[in-house]
Structure formats: C-alpha cells, structure tokens
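Beneath this line is the structure, given in structure tokens, with notes to follow.
The values are calculated or read from the model by the stated rules, or taken from the named source; none is laboratory data. From a predicted model like this one, the values you see are computed outputs, not experimental measurements. Every residue, glycine among them, receives a Cβ derived from its backbone with ideal geometry; neighbour counts consider all protein chains shown.
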Amino acid sequence: MKGVIIMSTNKNDYEHMLFYFAYKTFITTADEIIEKYGMSRQHHRFLFFINKLPGITIKSLLEILEISKQGSHATLQKLKEQGLIIEKVLETDRRVKKLYSTDKGDQLIAELNKAQDELLQNIYQQVGSDWYDVMEALAKGRPGFDFIKHLKDEKES
C-alpha cells in the first residue's frame with residue numbers, strides 16, 4: 001500500500017467499505033449486461049420496479065427511486081422506445097399514468113436477475129451465508145479491496 005495515507009478509522013469503516021465493494025460487484029454484473037442494450041443502471045432500476053410492481057404509477061415509481069420527474073423523462077422515454085415498457089392512462093383520471101413491462105422487458109429483467117442470482121448462489125456455495133464471508137467474497141475482486149483489507153485486522157485487535 002505504498003503511497004496510501006491512512007487516516008484514523010471509525011470501528012465501522014471496514015464494514016462500510018466492504019459493503020461498497022461488494023455492492024459494486026453485485027451491480028456491475030447487471031451493468032455489463034444492460035450496457036449491451038445501450039442503457040444504464042438507471043434504466044435497470046426503472047425496469048426492475050416496473051416489472052415487479054405492474055401498474056405502478058409514474059408518481060409512485062419516482063417516490064420509490066427518490067428522483068425528480070425531470071430526472072425520469074429520458075429514462076422512461078428510452079424504455080418505451082426500446083419496447084420494454086408501456087404506459088397506460090388511467091381511465092378515471094387521465095393525468096395518472098400506469099407503467100407495465102412488456103414481454104421484452106420481462107425477458108431483459110429475467111436475464112439481469114439471473115446473472116445476479118447466479119453470482120450470489122456461487123458465492124453462497126463457496127463461503128456459506130455469513131454476512132462478512134459473503135461481502136468479502138463479493139468485494140475481493142475489486143481493485144480497491146486490497147487497500148482496505150488491513151482494516152479488518154485492526155477492527156479485530
């Protein structure tokens with residue numbers, strides 16, 4: 001770790017960094033697939049929730065994802081253009097739009113979920129279900145993980 005300055009650490013720093021690297025591995029698994037379709041993680045998040053919550057309103061989706069209406073327009077438009085979602089206007093209130101994934105959207109979510117499920121199943125088979133073991137197995141492939149491994153030893157001492 002030549003050239004790295006280590007600041008004083010909080011007792012939970014290792015867990016925070018470990019979670020970051022593990023999450024990065026988990027999400028990158030899906031990112032690599034969705035990028036082949038010319039889309040990003042935001043498209044994945046939108047499509048995932050639309051698929052799992054059929055008929056969700058745009059307002060509810062934005063609330064779940066904690067983003068503004070302005071931040072959603074381009075993403076929803078691309079998902080519609082790609083034929084991954086459809087939008088239906090509520091007959092009783094034409095201002096309300098409900099979102100549904102199409103068969104094509106369902107297939108893409110199934111592909112993304114399968115990749116992430118397989119990643120987790122492989123990790124569970126390798127190390128079991130202990131949180132630290134799972135997080136470390138996911139994190140160890142990240143380049144930055146080598147910089148934080150020593151924090152585990154400091155935490156345990």
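When segment 8-28 is filtered for residues that are surrounded by fewer than 17 Cβ atoms within 10 Å (Cβ to Cβ), of a type in the set (Val, Ile, Thr) and part of a helix (DSSP H, G or I), the ones remaining, listed by number, are 27, 28. Taken together, the criteria place residue 84 among residues that are in contact with a strand residue (DSSP E or B) (Cβ under 8 Å, 6 or more places away or on another chain) and either farther than 30 Å from residue 131 by Cα or loosely packed, with under 11 Cβ neighbours inside 10 Å (or both).
When residue 68 is tested against the conditions (1) at pLDDT below 95; (2) of a type in the set (S, T, N, Q); (3) part of a helix (DSSP H, G or I), the lone failure is (3). Checking 105, 71, 55 one by one, the residue that is in contact with a helix residue (DSSP H, G or I) (Cβ under 9 Å, 6 or more places away or on another chain) and surrounded by fewer than 14 Cβ atoms within 10 Å (Cβ to Cβ) is 71 and no other.
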